[in-house]
Amino acid sequence: MEILDFKMAHDENVYPPSEDSYLIIDSINPTSCFRSLEIGVGSGVISLHLSKEIPFTFGCDINPHSLYLSKKNALANSINNLHLFASDIFSSIKNGFLFDLIVFNPPYLPIELHPRELIDLSYHGGLDGGEYIRTFLCNLGFYLSNNGKAYLLQSSLYPLKNTTNFLKNKNFHYKIKNKLKLDFEILYVLEISFSKNIKV
């Protein structure tokens, strides 16, 4: 199957390319980026897109099936500048290793039960849907370069003001880069950078 001119294999244990994936791709501006990171790489479709524009592209995931599938899809498309590794958000990355562009399409569904299958990790956003968003935002400043940009997808299922208030309080600048209205939610893509290029 071809998606955005890429040959893409699929795995039932991995979140497939969907409306949110395409919304993020449509929102990203990779100009002048040297090193990028996608957190929660899934099938690899976003990282494959980044690898066409950015010399050093990294993708991580907590799901080993995602890493295997992303590697398979990279090889099928003759992409050799995508580096994949296991990580729970930033857990495997040393402080001070900076990226010019960071992308995160987090699990955001509010769910009370604990994940039972690996695929559940793609959807399970904790009790209020914001568990992984908060973890990401609390650590973003350690990994984003001074002039870098982060792209965060968020659903209206988790209050947008929770995120925007946090960003304002932590001296981040943000703008709503894109949005998409679906049947039961609105998806937003936030472009985040350091205010006045000053790191917190």
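Taken over the stretch 112-131, the residue count meeting the criterion of being surrounded by 15 or more Cβ atoms within 10 Å (Cβ to Cβ) and either at pLDDT 95 or above or in contact with a strand residue (DSSP E or B) (Cβ under 8 Å, 6 or more places away or on another chain) (or both) is 3. Screening His83 with (1) at pLDDT below 95; (2) in a strand (DSSP E or B); (3) of a type outside the set (S, T, N, Q) gives one miss only, at (1). Residues that are loosely packed, with under 15 Cβ neighbours inside 10 Å and either part of a strand (DSSP E or B) or under 17 Å from the mean Cα position of the chain (by Cα) (or both) within the stretch 142-159 comprise Asn146, Asn147, listed in sequence order. Could you say whether any residue in the stretch 92-114 is assigned to a strand (DSSP E or B), touching a Leu at 6+ places or on another chain (Cβ under 6 Å) and among the polar types (S, T, N, Q)? Scanning the stretch 92-114 turns up no residue that is assigned to a strand (DSSP E or B), touching a Leu at 6+ places or on another chain (Cβ under 6 Å) and among the polar types (S, T, N, Q). If you go through the stretch 169-179 and keep only what is surrounded by 13 or more Cβ atoms within 10 Å (Cβ to Cβ) and at pLDDT 95 or above, you end up with Phe172, His173, Tyr174, Ile176, Lys177, Asn178, Lys179. Selection over the stretch 1-28 of residues that are in contact (Cβ under 8 Å) with a residue 24 or more places away in the chain and either farther than 20 Å from Lys179 by Cα or in contact with a strand residue (DSSP E or B) (Cβ under 7 Å, 6 or more places away or on another chain) (or both) gives a count of 19.
The one condition from (1) closer than 18 Å to Asn105 by Cβ; (2) touching a residue at least 24 places away in the same chain (Cβ under 8 Å); (3) surrounded by 14 or more Cβ atoms within 10 Å (Cβ to Cβ) that Leu182 does not meet is (3).
Looking only at the stretch 9-42, residues that are more than 15 Å from Asn63 (Cβ to Cβ) and part of a strand (DSSP E or B) come to 3 in all.
Residues in the stretch 22-42 that are of a type in the set (S, T, N, Q) and modelled with pLDDT of 95 or more were compared, and the one that is farthest from Asn147 (Cα to Cα) is Ser27.
Which one is modelled with the lowest pLDDT, of the residues in the stretch 1-21 that are of a type in the set (A, V, I, L, M, F, W, C) and either more than 23 Å from Ser155 (Cβ to Cβ) or touching an Asp or Glu at 6+ places or on another chain (Cβ under 8 Å) (or both)? Selected residue: Met1.
With the checklist (1) crowded, with 21+ Cβ neighbours inside 10 Å; (2) in contact (Cβ under 8 Å) with a residue 40 or more places away in the chain; (3) of a type in the set (S, T, N, Q); (4) assigned to a helix (DSSP H, G or I) in hand, flag the one item Thr135 doesn't pass. Here Thr135 meets the rest and fails (1). Just one of the listed residues (Tyr188, Tyr143, Tyr151) is among the hydroxyl-bearing types (Ser, Thr, Tyr) and touching a Lys or Arg at 6+ places or on another chain (Cβ under 6 Å), namely Tyr188. Tell me, please, whether a residue that is among the acidic types (Asp, Glu) and in contact (Cβ under 8 Å) with a residue 24 or more places away in the chain can be found in the stretch 108-115. No - not one qualifying residue is present in the stretch 108-115. Just one of the listed residues (Phe85, Phe104) is under 26 Å from His10 (Cα atoms), aromatic (Phe, Trp, Tyr), buried (at least 19 other Cβ atoms within 10 Å of the Cβ) and in contact (Cβ under 8 Å) with a residue 24 or more places away in the chain, and it is Phe104.
The values are calculated or read from the model by the stated rules, or taken from the named source; none is laboratory data. Bear in mind the structure is a predicted one, so any value in this text is a computation, not a measurement. Please note: Cβ atoms are built from the backbone with ideal geometry, for glycine as well, and neighbour counts cover all protein chains shown.
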